Amino acid sequence: MTDHSNDSSGKAWSGRFSEPVAELVKRYTASVPFDRRLAFHDIRGSLAHARMLAKQGIIGKDDLAAIERGMAAVKLEIETEEFQWSLDDEDVHLNIEKRLTALVGDAGKRLHTGRSRNDQVATDIRLWLREEIDGLDVLLRAYQAALLDLAEQHAATPMPGFTHLQVAQPVTFGHHLMAYFEMAARDRERLADCRKRANRLPLGAAALAGTSYPIDRAFVARELGFDGVCANSLDAVSDRDFAIEFAAAAALIMTHVSRFSEELILWMSPRIGFIDLADRFCTGSSIMPQKKNPDVPELARGKSGRVFGHLMGLLTLMKGQPLAYNKDNQEDKEPLFDTVDTVRDTLAIFADLVGGIRVRPDAMRAALRQGYATATDLADYLVKKGLPFRDAHEAVALAVRAAEEKGCDLAELGLDALRRFSPLVGEDALSVLSVEGSLASRAHLGGTAPEQVRAAIAKARQTLSRGDLLQS
Ligand code: ARG
């Protein structure tokens, strides 16, 4: 009889093979250099599985005790970085199982009863991702809180709102920041939603068809804090749609941060000068002594690319796979890990960066003046006096042209000049042209009037303090 533990390659499955794998193939097929990251989740999953096996009488109580003791030792070795990871053992699962067996003997070899690495790895990733989602939620909240604080300080600070990057109408800087708060709120909802579908237990599916042992999947699900079990064994081991959903949610987070970054970069350009970023988020130039570059937002904008790429990579990874598990799926980890790392670091930095934004209200107001931002308000004023909107639009357009020729704003033309474009212009027209008047007039729900912005902030604070909807 072949003794599997003593054969030439020492691999867990090498009994069937007559020659060892080629060195390059070993490296090509191994995942341990990156899936080591799942080690603690792997141990947690194994312990839950072992407890279930013992409860069901599939392994002995003494086996369970040995496994628990051995796993505690393995965990400590990993924590203290004494653990010897080996490429010979392919992945995190086999590395840990082999060490466990070396420590506790036959009980270690019994751990894999009624289980396959296929349902094991699917379980590990779900456990890991669930935890990462919870971490990202905390960071998104911190980012939101920073946006709220800055928005509150600038609930009434006028700035030009843009369409086509042309000055359009006055908004408040607080209102503008609250737009990003809303995006982050939806990002959190998406993560929470994706977490629900990720939070199901694959274990019990074994390789693909389930197992002939009298297992108790509901028990394992409870032990691991899953909301339930994956209902079909083939689906449980093979699909990674939960990972793809997560990557899509992450891509949207990066899209939003990237849009914000683009604005920060523009605002910080001396040509615009609306804000300044704290020095700790900027770098200088090695050749141009005057430069202070917004590297952090530029990198965030750039890093969105790799996250989008990972989403595309995962979709492509999945699309041609027949049921059930295929080794292709081992390729899910690096894109997922990098997605989490990138989004986590980006959000952590942005939560801090927002608090370090120095605002220049004067530059914002100067830009408003140059851009005839209240022209629409004058047109609306004429409409309220009975002029059809198209005629009002035309009259104000002519007035803007005249102001442009004189190099002044509409109010500076004076009432007499304005009346030449429409006799409906009355004494009260100048207040309509004021930025404050324009802002105050947009006092409906979701509008930019300072009182509405303050109301939006107050409501946002309530939802934010109502606490975490997620729980592990
Ligand atoms: N390292 C593998 C992965 O990440 C674990 C599952 C391997 N299963 C197998 N039958 N080779 O997907």
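The values are calculated or read from the model by the stated rules, or taken from the named source; none is laboratory data. These numbers were taken from a predicted model, which means no experiment stands behind them. Please note: Cβ atoms are built from the backbone with ideal geometry, for glycine as well, and neighbour counts cover all protein chains shown.
Structural remarks
- Looking only at residues of the stretch 416-432 that are over 52 Å from the mean Cα position of the chain (by Cα) and exposed (fewer than 13 other Cβ atoms within 10 Å of the Cβ), we find that the one that is nearest to Ala392 (Cα to Cα) is Pro423.
- Considering residues of the stretch 12-56 that are touching an Asp or Glu at 6+ places or on another chain (Cβ under 6 Å) and over 26 Å from Ala218 (Cα atoms) only, the residue modelled with the lowest pLDDT: Ser14
- Among helices (runs of 4 or more DSSP H) entirely within the stretch 3-99, having at least 3 residues that are away from the ligand (no atom under 14 Å from the Cβ) singles out 39-55, 61-79.
- Within the stretch 110-127, residues that are part of a helix (DSSP H, G or I) reach partners that are of a type in the set (Phe, Trp, Tyr) and within 12 Å of the ligand (Cβ to nearest atom) with beta carbons closer than 7 Å, at six or more positions or on different chains, in the pairs Asn118/Tyr325.
- Of residues in the stretch 46-77 being surrounded by fewer than 19 Cβ atoms within 10 Å (Cβ to Cβ) and more than 18 Å from Asp106 (Cα to Cα), the one nearest to the chain's Cα centre (by Cα): Lys75
- Pairs linking a residue in the stretch 22-39 that is in contact (Cβ under 8 Å) with a residue 12 or more places away in the chain and of a type in the set (Gly, Ala, Ser) to a residue that is within 11 Å of the ligand (Cβ to nearest atom) and part of a helix (DSSP H, G or I), with Cβ atoms under 7 Å and 6 or more positions apart or on different chains, are Ser31/Gln330; Ser31/Lys333; Ala39/Val92.
- Some residue of the stretch 84-107 being aromatic (Phe, Trp, Tyr) and surrounded by 18 or more Cβ atoms within 10 Å (Cβ to Cβ): no
- Cβ pairs under 7 Å, 6+ apart, first in the stretch 348-361 and on the phi < 0 side of the Ramachandran plot and touching a residue at least 24 places away in the same chain (Cβ under 8 Å), second of a type in the set (S, T, N, Q) and assigned to a loop (DSSP other than H, G, I, E, B): Val359/Thr157; Pro361/Thr157
- Of the numbered criteria (1) buried (at least 22 other Cβ atoms within 10 Å of the Cβ); (2) under 19 Å from Leu224 (Cβ atoms), the one Phe40 fails is (1).
- Lone unmet requirement of (1) away from the ligand (no atom under 16 Å from the Cβ); (2) in contact with a Ser or Thr (Cβ under 8 Å, 6 or more places away or on another chain) for Glu132: (2)
- Sole residue being within 16 Å of the ligand (Cβ to nearest atom), out of contact with any Pro (no Cβ under 9 Å at 6 or more places or on another chain) and either outside any strand (DSSP E or B) or without any contact (Cβ under 8 Å) to a residue 24 or more places away in the chain (or both), chosen from Ile244, Ile253: Ile244
- Check on Met183, farther than 26 Å from Ala236 by Cβ and over 17 Å from the mean Cα position of the chain (by Cα): no
- There is no residue in the stretch 177-194 that is farther than 19 Å from Ala251 by Cβ, in contact with a Lys or Arg (Cβ under 7 Å, 6 or more places away or on another chain) and more than 16 Å from the ligand (Cβ to nearest atom).
- In the set Asp377, Asp345, Asp352, only one residue is buried (at least 18 other Cβ atoms within 10 Å of the Cβ), away from the ligand (no atom under 15 Å from the Cβ) and among the acidic types (Asp, Glu); that residue is Asp377.
- Considering the stretch 342-381, and only residues there that are within 30 Å of Gly426 (Cα to Cα) and of a type in the set (Lys, Arg), the residue that is modelled with the lowest pLDDT turns out to be Arg369.
- Among (1) outside any loop (DSSP other than H, G, I, E, B); (2) buried (at least 22 other Cβ atoms within 10 Å of the Cβ) - the single one Leu203 does not satisfy: (1)
- For Ala250, the criteria (1) buried (at least 17 other Cβ atoms within 10 Å of the Cβ); (2) in contact with a Gly (Cβ under 8 Å, 6 or more places away or on another chain) hold in every case but one, which is (2).
- Counting only residues that are part of a loop (DSSP other than H, G, I, E, B) and more than 13 Å from the ligand (Cβ to nearest atom), the stretch 313-341 holds 3 of them.
- Of the residues making up the stretch 113-122, those that are more than 11 Å from the ligand (Cβ to nearest atom) and crowded, with 20+ Cβ neighbours inside 10 Å are Gly114, Arg115.
- Residue within the stretch 140-151 that is over 21 Å from the mean Cα position of the chain (by Cα) and either in a loop (DSSP other than H, G, I, E, B) or without any contact (Cβ under 8 Å) to a residue 40 or more places away in the chain (or both) present: no
- Qualifying residue in the stretch 194-213 (condition: farther than 30 Å from Ile265 by Cα, of a type in the set (D, E, K, R) and touching a residue at least 60 places away in the same chain (Cβ under 8 Å)): yes
- When the residues of the stretch 208-226 are filtered to those that are touching a helix residue (DSSP H, G or I) at 6+ places or on another chain (Cβ under 7 Å) and over 19 Å from Ile59 (Cβ atoms), the one that is nearest to the ligand (Cβ to nearest atom) is Leu208.
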